[in-house]
1. So how many residues does the stretch 6-58 have that are touching a residue at least 60 places away in the same chain (Cβ under 8 Å), surrounded by 18 or more Cβ atoms within 10 Å (Cβ to Cβ) and aliphatic (A, V, I, L, M)?
2. Take the residues in the stretch 125-173 that are part of a loop (DSSP other than H, G, I, E, B) and of a type in the set (D, E, K, R), then tell me which one is least open to solvent (accessible area, probe 1.4 Å).
3. Can you tell me which residue is farthest from residue 186 (Cα to Cα) among those in the stretch 75-97 that are surrounded by 13 or more Cβ atoms within 10 Å (Cβ to Cβ) and without any contact (Cβ under 8 Å) to a residue 12 or more places away in the chain?
4. Would you be able to tell me the number of residues in the stretch 63-73 that are exposed (fewer than 13 other Cβ atoms within 10 Å of the Cβ) and either part of a helix (DSSP H, G or I) or within 18 Å of the chain's Cα centre (by Cα) (or both)?
5. Taking the stretch 74-108, which residues are acidic (Asp, Glu) and not in a helix (DSSP H, G or I)?
6. In the stretch 1-22, how many residues are under 19 Å from residue 50 (Cβ atoms) and in a helix (DSSP H, G or I)?
Amino acid sequence: IIAFFGGLVLPEWFLGHYDFGFAVQSLLFMPLAKDAGTHPLISPGWTLIYEFAFYTLLSLCLAVRRPPFATAAVAIILVTSAGPLLRDTVPWLGWYSDQALMVEFLFGMAAAVLVREHAFRPWQGLVVAAAGLVLISFLWDSKLDWPRGIKIGLPAFLTVMGFLISEPIWQRYNPMQQFARLGDASYSIYIVHFFFI
């Protein structure tokens with residue numbers, strides 16, 4: 001809302017333009033174009049458009065009383081597959097399929113299921129997290145022409161899952177618990193840092 005009204009006064013601070021329809025789409029977390037390269041009024045908000053869609057999809061899956069993760073996974077795969085073919089006629093499909101970013105939510109659901117249903121040992125989590133971090137270092141600047149959802153999503157999946165599995169190790173040490181507070185604050189920082197910059 002601050003960005004919505006701020007754009008009226010200082011449009012150059014908000015991506016250099018201000019269009020009422022664009023502002024409304026930003027405010028409601030709606031896709032803005034055929035690809036994720038078009039950012040909303042608050043630039044980091046492009047990720048929130050994906051998150052908002054995922055939470056809405058998962059809520060609908062819970063409401064229809066089907067296995068929520070499996071149902072959501074089918075919907076994500078369909079959108080990611082159909083998007084490149086239909087992006088000119090259905091632009092929002094292009095947005096949600098761009099760079100296969102929605103695949104990262106599949107990785108997140110997989111991590112939740114694996115951590116919940118399998119009795120991993122904490123040290124195994126350290127190995128998985130280390131593998132994820134090594135993979136990130138190799139893939140981040142690599143010339144591989146993979147969509148970001150795979151290139152970044154896969155190592156992120158391993159890293160997050162590894163740290164979740166190894167959490168009992170971190171909980172033993174008070175200095176490490178302070179990092180959890182920083183993690184709790186990170187989302188709020190992500191939302192407001194744009195204004196401070």
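1. Adding up the residues that qualify gives 3.
2. My answer is 141.
3. 86
4. Residues flagged as exposed (fewer than 13 other Cβ atoms within 10 Å of the Cβ) and either part of a helix (DSSP H, G or I) or within 18 Å of the chain's Cα centre (by Cα) (or both) within the stretch 63-73 amount to 2.
5. Within the stretch 74-108, just 88 meets the criteria.
6. 2
The values are calculated or read from the model by the stated rules, or taken from the named source; none is laboratory data. Owing to the predicted nature of the structure, the values given are computational and were not obtained by experimental measurement. As a convention, Cβ positions derive from the backbone with ideal geometry for all residues, glycine included, and neighbour counts pool all protein chains shown. The area values use the complete protein model at the heavy-atom level, side chains included, leaving out ligands, DNA and RNA. Shrake-Rupley method; radii C 1.70, N 1.55, O 1.52, S 1.80 Å.
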